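One structure is given here, and the rest of the page talks about it.
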């Protein structure tokens, strides 16, 4: 405790912060007839607390328990009340927590009043990530659930919507990729309008979204942390690994489209967040 606070915080970070998404998963049980637990999803209900905590470093990558990181040692929280308070602020405030992208359509439906963490710790969480494979998967949180999420996590200062895509050759990514003759400005506008349709259910609806919400695109094999720094060479290696059947020309085109979409979608989301404002 004789060390400066800045140095103590560095020590806490070395012991408690991982370069990955920390995924605490909520307890669930059958609401009745426990002998048939989990047989019917509509019978599931949420319970307070966490059933397990895994971490994940890459999209579609392996998961491992939080405590399995070699340098992680949460025992530092047991040293004293003062150290506990300082270390807990780092553990919950700096790590990026991936909570399940629950919605009103999931079973059981999302209920942020049923807390993952004890209240005093949940109020320390500042960074939350939600993952999905289409923009539509974020509809509920952006239209109805955001108020409840913010109420449950009072210190929340950053929400990342993480769009995980396999490639630009099929599905949502193919439809949103830039056309061969499409100009940048028209493409960004189209992306913004498409997001509005996917989230609000109809064209022409533009509403302001809080500025502390961001969106990021990651493709299979990319790291979640610092994935925005990936270069063309790194993307080429990922494409070659995930889609080895491509020839060099197809691979080059796929890399170009991926890099463009990773850059354009956040730009379009900035317009989307402003609503009618320019």
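The values are calculated or read from the model by the stated rules, or taken from the named source; none is laboratory data. Owing to the predicted nature of the structure, the values given are computational and were not obtained by experimental measurement. All Cβ positions, glycine included, derive from the backbone under ideal geometry; neighbour counts span all protein chains shown.
Only one of the listed residues (83, 125) is outside the structural domain of residue 192 (by TED's automatic domain parsing), over 18 Å from the mean Cα position of the chain (by Cα) and under 30 Å from residue 2 (Cα atoms). That residue is 83. Residues in region 177-214 that are assigned to a helix (DSSP H, G or I), out of contact with any helix residue (DSSP H, G or I) (no Cβ under 6 Å at 6 or more places or on another chain) and closer than 14 Å to residue 136 by Cβ: 194, 196, 197, 200. Summed over region 229-249, the residues that are under 23 Å from residue 179 (Cβ atoms) and in contact with a helix residue (DSSP H, G or I) (Cβ under 9 Å, 6 or more places away or on another chain) give a count of 6. Total residues in region 176-187 satisfying the condition of being surrounded by fewer than 18 Cβ atoms within 10 Å (Cβ to Cβ) and touching a residue at least 12 places away in the same chain (Cβ under 8 Å): the figure is 1. For residues that are assigned to a helix (DSSP H, G or I) and touching a helix residue (DSSP H, G or I) at 6+ places or on another chain (Cβ under 7 Å), scanning just region 68-77, find the one that is surrounded by the fewest Cβ atoms within 10 Å (Cβ to Cβ). The selected residue is 74. Just to be sure before I move on: is residue 44 touching a residue at least 60 places away in the same chain (Cβ under 8 Å), over 30 Å from residue 173 (Cα atoms) and not assigned by TED's automatic domain parsing to the domain that holds residue 173 in the structure I sent? It is true that residue 44 is touching a residue at least 60 places away in the same chain (Cβ under 8 Å), over 30 Å from residue 173 (Cα atoms) and not assigned by TED's automatic domain parsing to the domain that holds residue 173.
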